[in-house]
Amino acid sequence: MPDFQTLKNDFPILSQSVNDEPLVYLDNAATTQKPQQVLQQLTDYYATSNANVHRGVHTLAERATAQYEAVREKVRAFIGATSTREVLFTRGTTTGLNWVAQFARQVLQPGDEILLSIMEHHSNLVPWQEAAKATGAVVRFVYLTENGELDSADLRAKLTDKTKFVSITQVSNVLGTVNPVKEIAALAHAHGAYMVVDGAQSTPHMAIDVAALDCDFFAFSGHKMLAPTGIGVLYGKEELLEKFEPVEFGGEMIDFVYESHATWTELPWKFEAGTPNIAGAIALGAAVDYLSEIGMDAVHAHEQALLDYVLPKLRAIPGMAIYGPKKNAARGGVVSFNLGNLHPHDVATALDMQGIAVRAGHHCAQPLIQYLKIPVGACARASFYIYNDFADCDKLVEALWATKDYFGV
Ligand code: C6P
């Protein structure tokens with residue numbers, strides 16, 4: 001079992017004070033902090049190996065290419081893909097989901113249906129609205145139970161032979177709800193639909209096995225799992241990536257270019273047009289190593305222990321409205337809430353004055369916030385990661401009591 005107490009020392013940013021209080025960083029669903037090992041990898045790459053990949057024959061170019069491609073293999077193993085041909089580097093989840101929604105335009109017909117859940121992030125919603133607009137397909141939504149979980153009866157009623165794509169988040173960035181994407185994939189396939197999983201909030205927090213999930217596409221971001229911004233991954237089943245046309249064109253992705261047309265190179269490079277985020281990918285490799293050393297089951301267990309500790313204390317604060325599943329086992333390390341009639345921006349500002357970073361707003365999930373009829377269309381959100389501990393939980397709870405008393409809620 002890793003020592004989660006000393007692990008905080010790996011993160012230089014966490015040793016600072018904010019507003020004269022030791023920083024308590026609880027905005028991990030937005031982005032995580034980076035350990036020394038990842039920062040060092042970035043510096044080492046630029047200091048010793050920087051060159052463009054797949055182009056040169058000189059030593060640095062070959063070194064950079066080898067390091068970049070080695071990360072593809074690390075990511076393959078981390079998410080349980082069958083082949084590195086199925087691992088595409090992207091800028092992040094948003095890019096991955098946009099690519100899939102572009103692939104969808106290659107097959108969608110008027111009247112076809114795209115099934116989403118109402119808890120989707122805008123990145124797994126707006127690209128589908130646009131794909132529907134371009135093809136005459138229709139976007140439908142699965143709604144929720146009282147407990148903030150997907151309504152499986154609604155899902156089964158709406159998943160029909162008209163459904164061509166089902167695209168669902170594995171963990172909600174607002175409710176923390178963990179969705180049964182494996183079971184949904186089986187249902188989708190039984191109706192001949194493709195299954196797309198938004199893994200932005202799951203990959204950093206739990207073991208992922210895309211082959212076992214049997215999803216067709218799976219997207220996630222490096223920056224939510226200790227890596228830099230601007231690097232992410234789209235997994236796709238090999239036969240589908242062979243079938244779909246690329247959506248970005250230019251250098252790196254071609255086989256041969258004629259005056260009138262071009263042919264594409266093989267997977268996975270067929271989809272990776274232009275100079276990629278080489279340093280970001282290599283640093284993602286360091287993040288994957290860091291998490292693998294801890295073990296994703298241990299990461300998950302740590303966050304569950306924090307949730308089990310903090311949720312009863314938060315629920316005990318009078319006037320607290322906490323959104324999402326009541327049972328902790330059904331949620332990830334995300335707690336969205338409102339405190340009485342205080343605006344969540346005021347709550348987040350009051351917490352910041354006490355050194356605590358949380359997010360407040362609609363969390364890029366406006367249809368969900370509307371559906372839940374959350375007052376003022378916003379909520380505050382505390383989200384946990386490996387370097388958070390029970391002391392961080394206590395500080396959050398104390399600061400919320402102080403905020404409540406200060407505003408007289
Ligand atoms: N959610 C949050 O604070 P990008 O921005 O491409 O790395 O990830 C987009 C995205 C997609 N799906 C889910 C479920 C997400 O949570 C996010 C990012 C952040 O909740 C920033 S809005």
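The values are calculated or read from the model by the stated rules, or taken from the named source; none is laboratory data. Owing to the predicted nature of the structure, the values given are computational and were not obtained by experimental measurement. Because the Cβ atoms are built from the backbone with ideal geometry, glycine has one as well, and the counts that use them run over all protein chains shown. In case anyone asks, the SASA skips ligands and DNA or RNA and just uses the protein heavy atoms, side chains included. Shrake-Rupley method; radii C 1.70, N 1.55, O 1.52, S 1.80 Å.
Short version: ³J(HN,Hα) in whole Hz for each residue of segment 143-150, in order, from phi by Karplus 6.51 cos²θ - 1.76 cosθ + 1.60 (θ = phi - 60°), x for Gly and Pro, what are they?
Once rounded to whole Hz, the list reads 9, 10, 7, 3, 7, x, 10, 4.
Using the Karplus curve 6.51 cos²θ - 1.76 cosθ + 1.60 with θ = phi - 60°, what ³J(HN,Hα) values do you get for each residue of segment 107-123, in whole Hz, with x for Gly and Pro?
10, 5, 10, x, x, 4, 10, 10, 9, 10, 9, 6, 8, 6, 5, 3, 5
Sorted from largest to smallest, which semi-axis lengths in Å does the alpha carbon gyration tensor of segment 284-409 give for its equivalent ellipsoid, taking the root of 5 times each eigenvalue? It would help to have the intermediate numbers written out before the result.
On the way: eigenvalues 137, 58, 40 Å².
Over the Cα atoms of segment 284-409, the ellipsoid semi-axes are 26, 17, 14 Å.
With n ≥ 4 as the cut-off for DSSP H runs, can you work out [θ] at 222 nm for the chain, using -39500 (n - 2.57) per run divided by the number of residues, rounded to the nearest 500? List each step's numbers first, then the result.
On the way: 14 runs with 156 residues, N = 409.
After summing the helix terms and dividing by residue count, I get -11500 deg cm²/dmol.
Given the options Ala391, Ala132, Ala29, state which has the largest fluctuation in a GNM of the chain using a 10 Å cut-off (strictly under) for Cα springs.
Ala391
Figure the gain on full extension for Ala66 and Tyr143 (residue separation times 0.36 nm, minus the Cα-Cα span) and round it to one decimal in nm.
Stretched out fully, the Ala66 to Tyr143 stretch lengthens by 23.1 nm.
What is the chain's relative contact order, in percent, from Cα pairs under 8 angstrom and six or more apart in sequence?
Once normalised by length, the contact order is 23 percent.
Most fluctuating residue of Asp209, Asp27, Asp255 in a GNM of the chain with Cα springs under 10 Å: which is it?
Asp255
Only loop residues by DSSP count here, and only those with at most 16 other Cβ atoms within 10 Å; note down the trypsin sites (Lys or Arg not before Pro) in segment 322-409 that meet that. Walk me through the numbers on the way to the answer.
Numbers: sites: Lys326, Lys327, Arg331, Arg359, Lys373, Arg381, Lys395, Lys404; in loops: Lys326, Lys327, Lys373.
Those satisfying the criteria are Lys326, Lys327, Lys373.
Please work out the ratio of the alpha-carbon Rg of segment 183-338 to 2.2 N^0.38 Å and round it to two decimals.
Rg over 2.2 N^0.38 Å, computed on Cα atoms: 1.34.
What residue among Val71, Val126, Val197 has the largest mean-square fluctuation in a Gaussian network model of the chain, using Cα springs under 10 Å?
Comparing Val71, Val126, Val197 in the GNM, the peak value goes to Val126.
Amide H to amide H, which residues 5 or more places from Ile356 or on other chains are under 5 Å from it, using H placed in the peptide plane?
Correct list: Val24.
Taking only protein heavy atoms and a 1.4 Å probe, what accessible area per residue, in Å², does segment 39-293 have with all protein chains in place?
Solvent-accessible surface per residue comes out at 38 Å².
If the viscosity is 0.890 mPa s and the temperature 25 °C, what Stokes-Einstein diffusion coefficient in µm²/s follows for segment 121-234 when Rh is the Kirkwood radius over Cα pairs?
The Stokes-Einstein estimate is 166 µm²/s.
Positive end of the dipole of the chain, charges at C-beta (+1 Lys, Arg; -1 Asp, Glu), about the Cα centre: which of His302, Thr403, Phe4 has its Cα farthest in that direction?
It is Thr403.
Give me the log10 of I(q) over I(0) for the chain at q = 0.06, 0.09, 0.10, 0.13 Å⁻¹, as the Debye formula computes it from C-alpha points; what are the numbers?
-0.25, -0.57, -0.70, -1.13
Hey, how many Å between the Cα centroid of segment 9-41 and the Cα centroid of segment 330-379?
Each part reduced to its Cα centre gives a spacing of 21 Å.
Looking at the chain only, what percent of DSSP beta bridges run antiparallel? Nearest 5 please.
Of the beta bridges lying entirely in the chain, close to 60 percent run antiparallel.
With N residues in segment 169-245, what two-decimal value do you get for its Cα radius of gyration over 2.2 N^0.38 Å?
For segment 169-245, the normalised Cα radius of gyration is 1.13.
For q values of 0.13, 0.14 Å⁻¹, compute log₁₀ I(q)/I(0) with the Debye formula on a Cα-only model of segment 1-115, without solvent.
For segment 1-115 at q = 0.13, 0.14 Å⁻¹, log10 I(q)/I(0) is -0.85, -0.94.
Check which residues have an amide H placed less than 5 Å from Tyr194's amide H, if you skip close sequence neighbours.
Correct list: Phe165, Val166.
Would you mind telling me the share, in percent, of accessible area of segment 1-147 contributed by carbon and sulfur at probe 1.4 angstrom?
Its accessible area is 50 percent carbon and sulfur atoms.
Hey, what do the phi angles of segment 13-29 turn into as Karplus ³J(HN,Hα) couplings, whole Hz, using 6.51/-1.76/1.60 and θ = phi - 60°, x for Gly and Pro?
5, 6, 8, 8, 9, 10, 6, 6, 10, x, 5, 10, 9, 10, 10, 6, 6
Mind listing the long-range amide H neighbours of Arg91? Cut-off is under 5 Å, sequence gap 5 or more, other chains count too, H placed in the peptide plane at 1.01 Å from N.
HN-HN under 5 Å from Arg91: Gly96, Gly232.
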